[in-house]
Protein chains: 2
Amino acid sequence: MTDIEIAQDVKMDKIVKIAEKIGLTEDDIEQYGSYKAKIKLPLQIKNSTKRKLILVTSINPTPAGEGKSTVTVGLGDAFTLLQKKAIIALREPSLGPVMGMKGGATGGGYAQVVPMEDINLHFTGDMHALTTANNTLAALIDNHIQQGNALGIDQRRIVWKRALDINDRALRKIVIGLGGPVQGVPREDGFDITVASELMAILCLSENLHDLKARINRIVIGYTHDRRPVTVKDLNVGGAIATLLKDAIKPNLVQTLAHTPAIVHGGPFANIAHGCNSVLATQTALNLADYTITEAGFGADLGAEKFLDIKTPVLKKMPDTIVIVATIKAMKLNGGQALADLASENLNALKKGIANLKHHIRSMAQYGVPVVVAINRFTQDTEQEISYVQKVCAEMGVQALDTDVWAKGGQGALELAQTLIKTVEQPKKFKPLYASNSELTEKIQTIVTKIYGGANVEYSKKATNQLKRFKKFGWDKLPVCMAKTQYSLSDDPKLLGAPTDFTIHVKSFVPKLGAGFIVAMTGNILTMPGLPKHPAALDIDISDDGKISGLF
Amino acid sequence: MTDIEIAQDVKMDKIVKIAEKIGLTEDDIEQYGSYKAKIKLPLQIKNSTKRKLILVTSINPTPAGEGKSTVTVGLGDAFTLLQKKAIIALREPSLGPVMGMKGGATGGGYAQVVPMEDINLHFTGDMHALTTANNTLAALIDNHIQQGNALGIDQRRIVWKRALDINDRALRKIVIGLGGPVQGVPREDGFDITVASELMAILCLSENLHDLKARINRIVIGYTHDRRPVTVKDLNVGGAIATLLKDAIKPNLVQTLAHTPAIVHGGPFANIAHGCNSVLATQTALNLADYTITEAGFGADLGAEKFLDIKTPVLKKMPDTIVIVATIKAMKLNGGQALADLASENLNALKKGIANLKHHIRSMAQYGVPVVVAINRFTQDTEQEISYVQKVCAEMGVQALDTDVWAKGGQGALELAQTLIKTVEQPKKFKPLYASNSELTEKIQTIVTKIYGGANVEYSKKATNQLKRFKKFGWDKLPVCMAKTQYSLSDDPKLLGAPTDFTIHVKSFVPKLGAGFIVAMTGNILTMPGLPKHPAALDIDISDDGKISGLF
């Protein structure tokens, strides 16, 4: 059976019943159909005293992903089977990969959040609200210039890009405003995918509606002809943009196939954005459950680093354990085995590629939080391969649990859950990676050395000039959000395993003052993905009675 | 009090209670919060035997509109006061005017549909689903070309444009795919506002999910190098696009301030699209209520003509009465009074401008349906002005009812409702304006002569060439959807009143094979509006506890 067939085969509980499980009444939620809801804010209810947080991350993945969401879902169901009060907190999927290559982001097999189709398609409209708010701001900027440009915005230096939640390479670089004076002022522009937009980051980092609006007002949309930053506040449209996000800011409640409550909210990619679900979602889960299990995107070098260095300071709660998901497939890929051959046993490739897992274990251990490995099993994996990984981890003093959630759901992660119930109680002392008041370049060097295992950072001429201006504007000590390929610890997607002595190339910076960080663009990373030769859209269909097929 | 203050001041009924009123159980609807719902399809329940349909249209409006929605809402409440089972069926607002100039589209004063903020903002996400489906198709087209162009699409002849539900003139004419071979194939493109998109028309004309997908597959997205049409079916993505509209196709249920059930679904503009809410919404209302009151956009030359010539053949139900809304202000504007002076009495301007009302009465009467005039009263209107209009209408054998729904809600339209209860029972014979199998040019000439009161049609060289190709493709007998300014019966927005002997200039055609009609672009009409000097967005705000202000 395919994922969508498994999902369609399970009878969901009504969402009011799921809400009840975590102490929420019908009045605490806004239903979106019978199986989805938004949780009203501010949340008053605090049932939980335990407030244990488990962060699920992974090694550098294959193009199909490591199954972090799947493990997170299965783990949640395992906690439920053990009669523990757990909530999982996931990011919401982007339609770009759903229609493109990677597919949805609701887990897989018997470890899924449902309704799978709705969550992967429009869900409760958060992405669309963000897209609309983003492009409304863009239209207001161009209109300001067209109507006389009282603020003196230099149209060559507008940094606010348009956005769509679609993989569309043709919109990366465009020229707008053509056709004569009535159609606006011609200028270069481009679309990012919505999940990479600053508004997505703001939504995910805001503590409440007040903070949301304040952050929106701080957004720098571009510069004047004399190079002063222009903000949303200067344009006087922060209220309208915040209004467009009034519902998007509320966390979404759904369930797993085994009826474990799941909060699915916010969805920045981890390669081109900060890769974590919303602070409000995680806080809500922490307040309502004893165990909150959440994930951060792609490998630990991306999502987890950003969770720990960008999200944790706002959340004011460190993880109690970090779970690193590893697949035999990905380790073999990191060990040099060809993508097409990953299904066949290859201990040599595994022995070489396990360096990637070892690297991530060491890098995560630096934060002072217990680390556990979850081997996300595929049917083709052999016992020899699994036990080899467990042996290597044991030598490092780290438990590596064989999990089989795709085929068995929560039953496949019972041992992992039992282990975590112990590790989250261990005494721990969170050690931030870098001092918050250190220079931007110092922060980047620290991430490159301590998290990527690299040696140097090389700044382009453009990046160097930007750094000078940031100093002038007082932006030189902000947190950094690295934009980097997910396939390698370096900025070269072909450099697999655990490379050393490499240089990270910072091509440019994108200041995101509303989000509160500076994005460093490395290598050839793109903020708008493209579609593959055979996009997933070609296989998606709907029957006359509304049954969807081909989503994965 | 402002509209939004009045709306926020009223205690709404829960949407399940509104549904109950029209015979729908909790299982027949999908709640979107407590006060909005989608009605599940297919609808089995048929309570109504009366099935009377009242179409509300207007004279050529002022830039603020004539208050058709307001009269429709007030009329619905008047029927409720008279203990008649009525449903109003409106179009859903576009964010373009909400953030731009005209404001929302939920009525005004004490004749509004609520929750006003939600309906005017994201509502149940229909617009966003359409935008996403539209742009996913666009991305798939450009990707098809980038990946080898197996269909041989001529990138200079792609007619499928991108869309956003925003007023953004800078996106009217753009160049995409810049930046080298990796970023796609450069070509000219442009964005339309979503309400003008073919998918919006398809959504509004589809009878069910099967019809929706069939229509999507018939969309012509462009032409090959040897000038053959390329359809969505050729691209093999009709299933994915229909899947993205699986929820948008379901009619939305809300309520008026007086708790009259309101179905608000589909929202094409009437100047650049066909201007009517969805066939499914109107059918649903007809099946559930004795009286369905619906509106069509802008003046009777636009929305009503398209309702009667494009929607009625699909709906298979003619209106039982047509209500023409007229304001003293608009008649004075049509009579030459300056826009800034419309608040002051001016019988001379009124006497001249009433020609516009007289023209619309005559043009609507041609369809063989009873016509009634509703004078939508403003506080500044004088008794002399009102009674003059009533006298002129009486001389034409038409009743003109003084309505005051903005200030009085349903109470302000009781007399109008009582009149309509009689007129809908009158024997009638619907006379189509043109033979469905007549030539496109013949249809256009008929509309220009009989509806606009013009003399000739002039085709540009481009339009003439297009007509030749349409003949070759067998598209020359399709219905026509006129794109024309709403301010004048002619294609010149400055030619007010009831001009005669004018020429309509058809600049080009846009074939919409999925919608099933050909759009004729006249005058200088634009399918993407711009923002004004002071966009409404500047005045919109939200408080820390979520209260919205400045929406109108």
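Laboratory data are not the source of any read-out in this text; all were calculated from the coordinates shown. All figures in this text were calculated on a predicted structure; none of them were measured in a lab. Every residue, glycine among them, receives a Cβ derived from its backbone with ideal geometry; neighbour counts consider all protein chains shown.
Taking a ≥ b ≥ c as the square roots of the eigenvalues of the Cα gyration tensor, an a/c ratio of 1.5 or more together with a/b no larger than b/c marks the range A:35-99 as oblate. Report note on the peptides A:8-16, A:277-285: ranked by the mean count of other C-beta atoms within 10 Å, highest first, their order is A:277-285, A:8-16. Against the main long axis of the alpha-carbon atoms of chain A, helix A:126-146 sits at an angle near 10°. Positive-end ranking of A:523, A:370, A:509 along the dipole of chain A, with charges on Cβ about the Cα centre, is headed by A:509. Cross-linked pairs A:50/A:422; A:84/A:431; B:161/B:311: Cα-Cα separations exceed 18 Å for A:84/A:431; B:161/B:311. Taking the centroid of alpha carbons for each part, the range A:329-355 and the range A:34-76 are 29 Å apart.
When you filter the trypsin sites (Lys or Arg not before Pro) in the range B:372-441 for DSSP loop state and at most 12 other Cβ atoms inside 10 Å of their Cβ, you are left with B:429.
Note on B:125-131: average number of Cβ atoms from other chains within 10 Å of each residue's Cβ is 4.
Distant-in-sequence amide contacts of residue A:512, defined by a placed amide H-H separation under 5 Å and a gap of 5 or more residues or a different chain, comprise A:517, A:518, A:519. Would you work out if the range A:112-236 is rounded, prolate or oblate? Take a ≥ b ≥ c from the square roots of the eigenvalues of the alpha-carbon gyration tensor; rounded if a/c is under 1.5, else prolate when a/b is larger than b/c, oblate otherwise. Here the range A:112-236 falls in the oblate category. Taken one residue at a time, the phi angles of the range B:422-434 give Karplus couplings (6.51, -1.76, 1.60, θ = phi - 60°) of 7, 5, 5, 8, 5, x, 8, 9, 5, 10, x, 5, 9 Hz. Gly and Pro are set to x.
Sequentially through the range B:178-186, phi angles give Karplus couplings (6.51, -1.76, 1.60; θ = phi - 60°) of 7, x, x, x, 5, 8, x, 9, x Hz, Gly and Pro residues having no value and appearing as x. May I ask for the distance between the Cα centers of the range B:99-146 and the range B:509-552, given as a whole number of Å? Computed from Cα coordinates, the inter-centre distance equals 9 Å. Each copy carries residue A:464; placing its label point 7 Å along the C-beta direction from Cα gives inter-copy distances of 6.3 nm, listed from smallest up. Sorted from nearest, the other copies put their residue B:347 label points 10.7 nm away, the label point being 7 Å from Cα in the direction of Cβ. The separation of the range B:364-439 from the range B:269-308, counted between C-alpha centres, amounts to 16 Å. Relative to the longest principal axis of the Cα atoms of chain A, the long axis of helix A:68-81 makes an angle of roughly 50 degrees. Averaged over the residues of peptide A:534-547, the number of Cβ atoms from other protein chains lying within 10 Å of each residue's Cβ is 6.
With R₀ fixed at 22 Å, the C-beta to C-beta distance from residue B:348 to residue B:378 puts the FRET efficiency at about 0.75.
Note on residue A:81 and residue B:545: their simple-model spin labels are 4.7 nm apart, each label 7 Å out from Cα toward Cβ. Take B:148-154, B:196-202, A:213-219, A:479-485 and order them by the average number of nearby Cβ atoms within 10 Å per residue, most first; the result is B:196-202, A:479-485, A:213-219, B:148-154. Annotation: amide H-H contacts under 5 Å for residue A:401 (H modelled 1.01 Å from N, sequence separation of 5 or more, or interchain): A:373, A:374, A:375. Could you give the angle, 0 to 90 degrees to the nearest 10, between helix A:383-395's Cα long axis and the longest principal axis of the Cα atoms of chain A? Roughly 70 degrees, rounded to the nearest 10. Note on residue B:102: lysines with a C-alpha under 21 Å away, same-chain residues under 8 apart excluded, are B:68, B:329, B:332, B:484, B:494, B:533. You can think of it this way: the chain between residue B:449 and residue B:50 has 140.2 nm of extra reach, that is 0.36 nm per residue less the Cα-Cα gap. Partner shielding of B:25-32 amounts to 3, given as the average count of beta-carbon atoms from other chains within 10 Å of each residue beta-carbon.
With its label point put 7 Å out from Cα toward Cβ, residue B:501 sits 9.1 nm from the same residue's point in the other copies, in order from shortest. Amide H contacts of residue A:190: A:162, A:174, each under 5 Å away and 5 or more positions distant or on a separate chain (H built 1.01 Å from N in the peptide plane; Pro and chain starts excluded). Karplus-based coupling profile of the range B:280-292, in residue order and whole Hz: 5, 5, 5, 4, 4, 4, 4, 6, 9, 10, 6, 10, 10, with θ = phi - 60° in 6.51 cos²θ - 1.76 cosθ + 1.60 and x standing for Gly or Pro.
Counting only residues at least eight positions apart within a chain, or on another chain, the aspartates and glutamates with an alpha carbon under 13 Å from that of residue A:547 are A:5, A:9, A:117, A:118, B:247.
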